[in-house]
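*Asks:* Take this structure, written in structure tokens, and hold onto it; I'll ask about it next.
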Amino acid sequence: MSRSGFLQYEKFNQLFSQLQSAGYGCVGPSVIDGAVQFGKISSVAQLPQGIELTVKPGSVRVAKGDHQRYFAWPNGAQGIKPWLYRSRELLWRAEQTEQGFVFNRPEVNAEPIAFIGARACDLAALQLQDLHFMYGDYPDPFYSAHRNALFIVGVNCSHTGNTCFCASTGDGPEIQSGFDLLLDELDDGFIVRFGSEKGLKIFEQLELTPVSAEGHVDAKAQIAEVIAAQERALLHENMHANIFSNLDDREWDSVAEKCLACGNCTMVCPTCFCHREVEVQALDGKSSQHIREWDSCFNQDHSYIHGITIRDETRLRYRQWMSHKLGSWRDQYDRTGCTGCGRCISWCPAAIDFVAEANLIAGDS
């Protein structure tokens, strides 16, 4: 067991103070517009203390709980992805000069950010995003800059939602790696561990007391309870092969009848990275910006190529999304692109159950 200490609730704000003193801006969860969302915060007072989430297909509801915990909820509307793979990023600009057009790539001024409240499913997704944007043949300088400036405070889940299934994908609910600091929340404070040199520096500045034997037992028990409580599971070990073997399955038509092709699932998914690139010209015609924006494979024009829309039906777009997520990703990254967060189910306005559909198409009931 790695070195650990106990941080009492009344001293929790020390974490914020030490992170800010080290030059980090803090990003953490708050209740905004009826949902738990991550944004810039400066103190413990902005965290969603004492709240609970009731999560089911197509529905997320925030309510006041009978406790004083800060992280007694499954996961927020989005995780780390928007802070690294930005929804809108300027890639380069062109400006007219006397010598002609000059193309320049902007410098990335990545703000050091401490992300507080990362869950196991999101850290697993972060590893996939790193593989795609940092360790491929063409590393993305924008993502890499934001990633290298990131400090991660992970939190092991003490509660699960009706739509969570991370235990079946092997990505949670316990965080195994990828954090700088790791918290297990108990009724009176946090067990704190460090996972990096920069995490150790913050760890050593906190007023920690020894963790009791009961505290370690309670933390492990919470994780076991979350695993036992998860009602959904991706079942088939050969799902990636079975998905591609059933591309003409009638279930694709069935799910297409419900799907609105709105793209909500891809927007909240912590691993999706589809994008488009657009030109934004100045009115005087003397300059232009080349912008990368989030896109979705559910958008009809996403598969438009030279006068033809390759996937012109919702059935084909849903099939592309699921077969890529559960099939092609295994060929690309040696694992599926799903980390079991359940957001695609929770935030689907048609309440489509991704797990149930995948199990049906792969041959399980």
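*Asks:* Starting from 0 in steps of 20 Å, tell me what percent of the Cα-Cα pairs of the chain lands in each bin.
*Replies:* Percent of pairs per bin, in order: 27, 55, 18, 1.
*Asks:* Then there's this: Kindly write out, for region 82-91 in residue order, the coupling ³J(HN,Hα) from the Karplus curve 6.51 cos²θ - 1.76 cosθ + 1.60 (θ = phi - 60°), rounded to whole Hz, with x marking Gly and Pro.
*Replies:* Residue by residue, region 82-91 yields x, 8, 10, 9, 5, 5, 8, 9, 6, 8 Hz.
*Asks:* At q = 0.16, 0.18, 0.22 Å⁻¹, work out log10 I(q)/I(0) for region 98-195 with the Debye formula, treating every Cα as an identical point scatterer and leaving solvent out; two decimals please.
*Replies:* With one equal scatterer per Cα and no solvent, log10 I(q)/I(0) is -0.78, -0.92, -1.17.
*Asks:* Can I ask one more? Tell me, what is the 1.4 Å probe accessible area of Trp347, in Å² to the nearest 10?
*Replies:* 80 Å²
*Asks:* Now a separate question. Note down the net charge around Glu52, summing +1 for each Lys or Arg and -1 for each Asp or Glu among other residues with Cβ under 12 Å from its Cβ.
*Replies:* So the surrounding residues net to +2.
*Asks:* Kindly point out which whole DSSP H helices in the chain project their C-alpha atoms 18 angstrom or further along the helix axis while averaging a Kyte-Doolittle hydropathy of -1.0 or above.
*Replies:* Flagged H segments are 120-133, 213-229.
*Asks:* Using modelled amide H (1.01 Å from N, peptide plane; none on Pro or chain starts), what sits under 5 Å from the amide H of Gly25, excluding residues fewer than 5 places away?
*Replies:* Ile113, Ala114
*Asks:* Which far-off residues, 5 or more places away or on another chain, put their amide H under 5 Å from the one on Arg69, with H placed in the peptide plane?
*Replies:* Amide H to amide H, under 5 Å and 5 or more residues apart or across chains, Arg69 pairs with Gly50.
*Asks:* Also, quick follow-up: Regarding region 125-255, what's the average projected area of the Cα-atom convex hull, expressed in nm²?
*Replies:* With every direction weighted equally, the projected area is 11.9 nm².
*Asks:* How about region 40-103: which GluC sites (Glu not before Pro) there lie in a loop by DSSP and see at most 11 other Cβ atoms within 10 Å? Walk me through the numbers before you get to the answer.
*Replies:* On the way: sites: Glu52, Glu89, Glu95, Glu98; in loops: Glu98.
Hits after loop and neighbour filter: Glu98.
*Asks:* Leaving out ligands, DNA and RNA, and with a 1.4 Å probe, what % of the accessible surface on the chain is carbon or sulfur?
*Replies:* C and S fraction of accessible area: 47 percent.
*Asks:* Given labels modelled 7 Å from the Cα in the Cβ direction, how far is it in nm from Gln332 to Gln20?
*Replies:* Going by the 7 Å Cα→Cβ label model, 4.0 nm.
*Asks:* Write out the trypsin sites (Lys or Arg not before Pro) in region 205-300 meeting two conditions: DSSP loop, and at most 16 other Cβ atoms within 10 Å of their Cβ.
*Replies:* Sites meeting the loop and neighbour criteria: Arg250, Lys286.
*Asks:* What percentages make up the Cα-Cα pair-distance distribution of region 1-104 when the bins are 5 Å wide from 0?
*Replies:* Per 5 Å bin, starting at zero, the Cα-Cα P(r) for region 1-104 comes out as 2, 9, 15, 15, 16, 12, 8, 6, 4, 4, 4, 2, 1, 0 percent.
*Asks:* Could you work out how far the C-alpha centroid of region 230-293 sits from that of region 145-224, in angstrom?
*Replies:* Taking the Cα centre of each part, region 230-293 and region 145-224 sit 30 Å apart.
*Asks:* Hey, what do the phi angles of region 296-311 turn into as Karplus ³J(HN,Hα) couplings, whole Hz, using 6.51/-1.76/1.60 and θ = phi - 60°, x for Gly and Pro?
*Replies:* Those phi angles translate into 9, 5, 7, 6, 4, 7, 5, 9, 6, 9, 6, x, 10, 8, 5, 10 Hz.
*Asks:* On to the next question. Which ³J(HN,Hα) values, rounded to whole Hz and listed in residue order, are derived for region 54-69 from phi using the Karplus coefficients 6.51, -1.76 and 1.60 in 6.51 cos²θ - 1.76 cosθ + 1.60 with θ = phi - 60°, glycine and proline given as x?
*Replies:* Once θ is set to phi - 60°, the couplings for region 54-69 become 9, 10, 8, x, x, 7, 9, 10, 9, 9, 6, x, 9, 9, 10, 6 Hz.
*Asks:* Moving to a separate point now. Hey, which of these cross-link pairs are over 30 Å Cα-Cα: Lys201/Lys325; Lys81/Lys286; Lys56/Lys81; Lys40/Lys258? Walk me through the intermediate numbers first.
*Replies:* Values: Lys201/Lys325 38 Å; Lys81/Lys286 34 Å; Lys56/Lys81 23 Å; Lys40/Lys258 36 Å.
Violating the 30 Å limit, Cα to Cα: Lys201/Lys325; Lys81/Lys286; Lys40/Lys258.
*Asks:* For region 138-201, what class follows from the C-alpha gyration tensor (a ≥ b ≥ c being the square roots of its eigenvalues): rounded when a/c is under 1.5, otherwise prolate if a/b is larger than b/c, else oblate?
*Replies:* oblate
*Asks:* Follow-up. Got a sec? Charge dipole of the chain, +1 on Cβ for Lys and Arg, -1 for Asp and Glu; which of Leu283, Gly215, Leu181 is way out at the positive end?
*Replies:* Toward the positive end, the furthest listed residue is Leu283.
*Asks:* Considering only DSSP states other than H, G, I, E and B, which chymotrypsin sites (Phe, Trp or Tyr not before Pro) in region 72-167 qualify as loop sites with at most 12 other Cβ atoms within 10 Å?
*Replies:* Working: sites: Trp83, Tyr85, Trp92, Phe101, Phe103, Phe115, Phe133, Tyr135, Phe142, Tyr143, Phe151, Phe165; in loops: Tyr85, Tyr135, Phe165.
Listed in order of number, the matching sites are Tyr135.
*Asks:* What is the set of long-range amide H partners of Tyr304 at a cut-off below 5 Å, with H atoms built 1.01 Å from backbone N?
*Replies:* Ile310
The values are calculated or read from the model by the stated rules, or taken from the named source; none is laboratory data. In this text, all values refer to a predicted model and were calculated from it rather than measured experimentally. In this analysis, Cβ positions are derived from the backbone assuming ideal geometry, glycine residues included, and neighbour counts consider all displayed protein chains. Accessible surface is based on the protein model in full, side chains and every heavy atom, while ligands, DNA and RNA are left aside. Shrake-Rupley method; radii C 1.70, N 1.55, O 1.52, S 1.80 Å.
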